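These notes are about the structure you will find just below.
What follows draws every value from the coordinates through simple rules; no lab data is involved. Note that this is a predicted model, so its numbers are computed, not measured. Note that each Cβ is placed from the backbone with ideal geometry, even for glycine, and that neighbours are counted across all protein chains shown.
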Amino acid sequence: MNFSGRLVIIIALAISVLLVSNIIASKALALFELPFEFLGGSLVVVSVSVICFPIGYIISDVLTEVYGFRVARGVIWLGFVCNLLMVILFWVAISIPSAPFYEDQDAYSAILGSTGWLLLGSFAAYIIGEFSNATVMVILKNKTQGRHLWLRTISSTVVGQGIDSLLFYAIAFGVSGLWGWSAAMNGAVTAWIVKSLYEAAATPITYWVVGWLKRTERMDIYDAPGSLNPFGIFGEGEGASVNAARAQRTANTGAGNTGAGN
């Protein structure tokens, strides 16, 4: 398929957000303290990587809604490969002996040398969570015939980010022992709630971005549910299709077919 400049920018942002979120993920952020105990403590905590979510969630929704599952699938696997390359290069950089006057090796290693459990949690959560998000978007888009974008974005976040948060916090902080199980589950539930609420609150922004891209790109991909194979890159994929009538109506009317009025 042809890649427009807009799509290239979106892919670059998607990869950048993923890499940054994994670099900063090990820091715990205390949101507030409850007057009662919540999953073993009163302090509500999340990973500081939650600050990347506002950008990341819009990108995930846009890729599937506008460009289709096969493009979203390609970006997900590209992100995985870039993340793996980053980890390998970090390991090499940490392993190379430093100059005698360099006194920050411990801090350098602590920030860039994430534990194996954190990396495993990140990889598992990213792959499974992102594919779950994209799959829900595609299925609901077909069932609603392209209407009710808000239903697709919120539902996909509830499912995808629920899986993402549970896997990441359980593996990276629970199994590893970095935070302990109570704090890890506290973080997972809190992150899931925060992300779901943010998705709902930012729905108008999603509508605007999706509508603008559908008008400017003159496309609105409808993937057949049978084409949701997670293994592939940017190939056509069986069952993937562009609804020509809707795409032409988007180009002629500028409506974007986002379901904004439904």
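Given Cα positions, please report Rg to Rh for the stretch 1-139, the hydrodynamic radius being the Kirkwood one.
Details: Rg = 18.0 Å, Rh = 17.1 Å.
Radius of gyration over Kirkwood radius for the stretch 1-139 works out to 1.05.
Just to confirm a number: summing +1 for Lys and Arg and -1 for Asp and Glu over residues other than residue 45 whose beta-carbon lies under 12 angstrom from that of residue 45, what do you get?
On the way: positive: 27; negative: 33.
Overall, the nearby charge balance is 0.
Summing +1 for each Lys or Arg and -1 for each Asp or Glu, what net charge is found among the other residues whose Cβ lies under 13 Å from the Cβ of residue 140? Could you put the intermediate results ahead of the total?
Working: positive: 141, 143, 147, 152; negative: 61, 65, 223.
Net of charged neighbours comes to +1.
Subtracting the Cα-Cα distance from 0.36 nm times the residue separation, let me have the gained length for residue 86 to residue 139 in nm, one decimal. Present the calculation step by step, with values, prior to reporting the outcome.
Values: separation 53, 0.36 × 53 = 19.08 nm, distance 3.31 nm.
Full extension from residue 86 to residue 139 adds 15.8 nm.
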